[in-house]
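One structure is given below, encoded as structure tokens.
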Amino acid sequence: MLVCCYTVSRCVAADGADGAAVTACGCFSEFRLAVVQLQVRSVKADNLSRARRLVKEAAGQGSAVVLLPECFNSPYGSSFFSKYAEEIPGESTQMLSEAAREHKVYVVGGSIPEEDGGKLYNSCTVFGPDGGMILKHRKIHLFDINVPGKICFQESETLSPGNSLSMFETPYCKVGVGICYDMRFAELAQIYSRKGCQLLVYPGAFNMTTGPAHWELLQRARALDNQVFVATASPARDESASYVAWGHSTVVSPWGEVISKAGPEEAIIYADIDLQYLSDIRQQIPITVQRREDLYTVTCAQDGSS
Ligand SMILES: NC(=O)CCC(=O)C(=O)O
């Protein structure tokens, strides 16, 4: 918890990340987040080397935390998951670990298709500045969609869901992790924010149907109703792919404003995450303390059930 965030000064973070700001009490109130909207193609080695280069570039711009897209090592699609799947640790997570250690940043490694015990998962790994793996999060809500004439897709044909929630702590803030479709489930964001997360990250690959309609709206809703920062990282759009990603990686503030946003093409976007701003908003509109937990259980329903 940030308790005495009054005086803010620029400094070099203890773990070597430049550009963080600390308060008089020594807690960090501001840090730079980079979101890498990677152009993912069919050659895995190229995806890995480009991701590595862009993590380096983001670190060079003073980022303390770098976020990669869903399925960053593989084209997104049921026909690709088993071909590109790896065990963890494996080639892709090794690269993430090395990039985090070399550049002294937190790397939220988007996701990769993971193989474990004969099953496939859509898994996000997070690495700290020492290169150690902090967590592995398996997508808990699998993306199944059928909008006639537009898109029909079923992750659940090939993937298995994860069964646990994942949060991690940095010197800057506490972060909750979800993967793409997980963002549609408001309960997940609510649990993370109630457990103290100030930033929610969703590596994601929305599509050309739901992207324009829902992508930004969902992020702003999750940010606003939980008073947290929300960041999404999409693959860059590839019109020739079987699943065309919407792109538009975004960072939203706890006020619900879009503070950084990519277009459809490969890019790195940056956001200076100001936790004092988050505290101010929570004081100005104190929903976090005005909740009526005593009323949120249905005790009397018309059909007599409770
Ligand atoms: N990869 C995904 O989970 C896609 C989710 C999506 O597009 C949606 O509309 O939800």
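Whole-Hz Karplus values for the range 38-46 come out as 7, 7, 8, 10, 7, 8, 4, 4, 5 Hz, taken residue by residue from phi with 6.51 cos²θ - 1.76 cosθ + 1.60 and θ = phi - 60°; glycine and proline positions read x.
Quick one: order Arg222, Arg194, Arg237 by neighbouring beta-carbon count within 10 Å, fewest to most. Mind showing how you got there, number by number?
Numbers: Arg222 27, Arg194 11, Arg237 20.
The most exposed by this proxy come first: Arg194, Arg237, Arg222.
Evaluate the distance, in nm, between pseudo-label points positioned 7 Å from the Cα of Val43 and of Lys83 along their respective Cα→Cβ axes. Each label point is offset 7 Å from its Cα along the Cβ direction, giving 1.5 nm. Quick one: go through the range 213-237 and flag any residue whose amide nitrogen is under 17 Å from the point 7 Å out along the Cα-to-Cβ line of Gln276. Correct set: none at all. Placing a pseudo-label 7 Å from each Cα along the Cα-to-Cβ vector at Phe185 and Leu217 gives an inter-label distance of 2.1 nm. Under 5 Å between amide hydrogens, built in the peptide plane, is the criterion, and for Phe206 it picks out Trp246, Gly247 among residues at least 5 positions away or on other chains. If you take the Cα centroid of the range 100-132 and the Cα centroid of the range 33-60, the two points sit 14 Å apart.
The Rg/Rh ratio of the chain, with Rg taken over Cα atoms and Rh as the Kirkwood radius over Cα pairs, comes to 0.98. The local environment of Asn207, defined by Cβ-Cβ distances under 15 Å, has a net charge of -3 under the rule Lys, Arg +1 and Asp, Glu -1. Residues whose amide H falls under 5 Å from that of Ile134, counting only those 5 or more places apart or on a different chain, are Val126, Phe127, Gly128, with hydrogens built in the peptide plane.
Compute the FRET efficiency between Thr297 and Gln94 as 1/(1 + (r/R0)^6), taking r as their Cβ-Cβ distance and R0 = 35 Å, and round to the nearest 0.05. Please list the in-between numbers first.
Working: r = 47 Å, r/R0 = 1.34.
Efficiency, rounded to the nearest 0.05: 0.15.
Bear in mind these aren't lab numbers, they're just calculated from the coordinates by the rules spelled out. These numbers were taken from a predicted model, which means no experiment stands behind them. FYI the Cβ positions are ideal-geometry reconstructions off the backbone, even for glycines, and counts take in every protein chain you see.
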